[in-house]
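Everything on this sheet refers to the single structure shown next.
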Amino acid sequence: MRILVTGGAGYIGSVLVPKLLERGHHVRVVDRMFWGIPHYAGHPNVELVNADIRRLPEGLFDGIDAVDHLAGFSNDPTAEFSPEANWQMNASATDTIARQCIAAGVRRLVFGSSCSLYDGAPDADTLLDESSPLNPRGAYATSKHYSEQALLAHAGRDFEPVILRQATVFGLSPRMRFDLVLNTFVKDALVRQRLILHGGGRMWRPLVAVQDLADAHIAVLEAPSELVAGETFNVVGDNYQVRQLAEVVAAALVRLGQPVALVDGPLPNIVRNYRCSGEKLRSRLGIDLPTTAEQAVAELVETYRSVPIEQLGHPRYYNIAWMQLLEEARPAYQATHHIFEPLED
Ligand SMILES: NC(=O)c1ccc[n+]([C@@H]2O[C@H](COP(=O)([O-])OP(=O)(O)OC[C@H]3O[C@@H](n4cnc5c(N)ncnc54)[C@H](O)[C@@H]3O)[C@@H](O)[C@H]2O)c1
């Protein structure tokens with residue numbers, strides 16, 4: 001297939017795109033390249049389009065069989081930083097993409113939504129599934145909810161949106177993020193030898209490994225219509241209490257002779273505490289999401305234990321820090337056009 005991946009240069013996309021290429025698909029990536037040109041650039045079956053999903057270039061959908069939509073602000077802090085830009089990217093642009101798919105005859109669209117739509121559930125006693133009531137809070141979850149509804153409103157014989165409510169992702173990606181709970185713990189354990197557990201770390205969170213998530217996207221892109229068209233699936237490897245995650249990370253470093261202290265901290269202002277079921281995706285498509293936190297932590301520790309500490313704190317690994325730097329640099333960049341090139345006489 002020819003697959004258009006929006007946001008394909010990001011954390012999830014940088015794992016997904018090479019897997020799609022391995023399976024023989026042709027991939028067109030549309031991305032603002034906030035984190036630079038992805039590592040797979042130059043592959044003969046990949047096309048890169050450096051553009052904003054709010055201003056889709058002419059011809060972007062030509063020859064495309066399916067779309068995987070991942071672009072936009074991808075966490076609460078970036079969405080809260082500019083709620084208006086967030087709404088344009090994470091809500092309105094999705095509706096436009098659906099309309100353009102229909103106009104171009106693209107049937108399948110897989111959307112990278114979020115389990116944060118379940119945030120606000122009264123307690124973590126109930127395992128939430130795709131039919132559980134939603135009460136999304138905040139700019140990010142509200143915009144994702146709008147996108148889901150807009151896509152499903154367009155669903156029909158000629159358009160098959162599939163919603164993937166992704167749990168918080170963990171694990172190694174060529175475009176690494178250290179602002180996701182398990183990855184953050186690995187980084188903090190390496191840098192500070194100390195992990196802070198807000199509210200004692202009792203809160204539950206659904207998680208999924210980035211490799212498994214990419215496999216789920218591919219399974220859904222390739223699945224027959226009768227299994228997935230117009231459906232919503234949670235993508236959850238397992239549910240963990242935050243304290244459990246910290247203990248996994250601490251144990252990995254203790255094995256290397258590096259003790260890590262677990263320190264209780266105050267409850268945060270917004271408490272996220274919910275558990276989600278990934279059963280529908282597993283049973284409908286017969287796929288497994290087998291990677292455990294232990295396995296991913298072992299790989300992350302192995303990869304980053306010899307990296308200088310100051311590099312792990314680089315803003316590029318934290319979406320909000322990096323976006324704020326890009327925003328500060330923008331006027332200067334526009335004035336000079338080529339920051340690192342010498343000026344002509
Ligand atoms: N990582 C997670 O834990 C997680 C969990 C649930 C849902 N999601 C969703 O999955 C998607 C991908 O997440 P990620 O972790 O890879 O995030 P990411 O920030 O690493 O990737 C997003 C990509 O989109 C690009 N982008 C951002 N705004 C754009 C715009 N206006 N036009 C074109 N490109 C733009 C960025 O350059 C980046 O390459 C996001 O929609 C996110 O909300 C992520």
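Summary of values
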{"item": "Cα coordinate range in the chain, projected on the principal axes (Å, largest first)", "result": "64, 56, 37"}
{"item": "Relative exposure of ASP288, ASP188, judged by other C-beta atoms within 10 Å (fewest first)", "result": "ASP288, ASP188"}
{"item": "Rel. contact order, % - alpha carbon contacts under 8 angstrom, at least six apart, segment 84-195", "result": "33"}
{"item": "Gaussian network model of the chain, springs between alpha carbon atoms under 10 Å - residue of THR303, THR291, THR78 with greatest fluctuation", "result": "THR303"}
{"item": "For HIS154, net neighbour charge (Lys/Arg +1, Asp/Glu -1) across residues whose Cβ lies under 12 Å away", "result": "-1"}
{"item": "Exposure proxy order (Cβ contacts within 10 Å, fewest to most) of VAL49, VAL208", "result": "VAL49, VAL208"}
{"item": "Label-to-label distance, nm, for residues given as HIS39 and ALA321 (7 Å Cα→Cβ offset)", "result": "2.1"}
{"item": "Cα centroid separation - segment 162-226 against segment 81-153, whole Å", "result": "18"}
{"item": "Selected from ARG165, ARG330, ARG137 as most flexible by GNM, with the chain as the system and alpha-carbon contacts under 10 Å", "result": "ARG330"}
{"item": "Charge sum, other residues only, whose C-beta stays under 12 Å from ASP52's C-beta, Lys/Arg counted +1 and Asp/Glu -1", "result": "+2"}
{"item": "Value of relative contact order over segment 1-58, rounded to a whole percent, pairs C-alpha under 8 Å and six or more apart", "result": "35"}
{"item": "Length-normalised contact order of segment 142-237 in % [C-alpha pairs under 8 Å, at least 6 apart]", "result": "45"}
{"item": "Value of [θ]222 nm, deg cm²/dmol, for the chain, DSSP H segments ≥ 4, -39500 (n - 2.57) each, nearest 500", "result": "-11500 deg cm²/dmol"}
{"item": "GNM top mover of LEU256, LEU21, LEU48 - the chain, alpha-carbon springs below 10 Å", "result": "LEU256"}
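Quick note: the coordinates plus some simple rules give every number you see, no bench work behind them. Everything numeric in this text was worked out from a predicted model, so none of it was measured. All Cβ positions, even for glycine, are placed from backbone atoms using ideal geometry, and neighbour counts span all protein chains on display.
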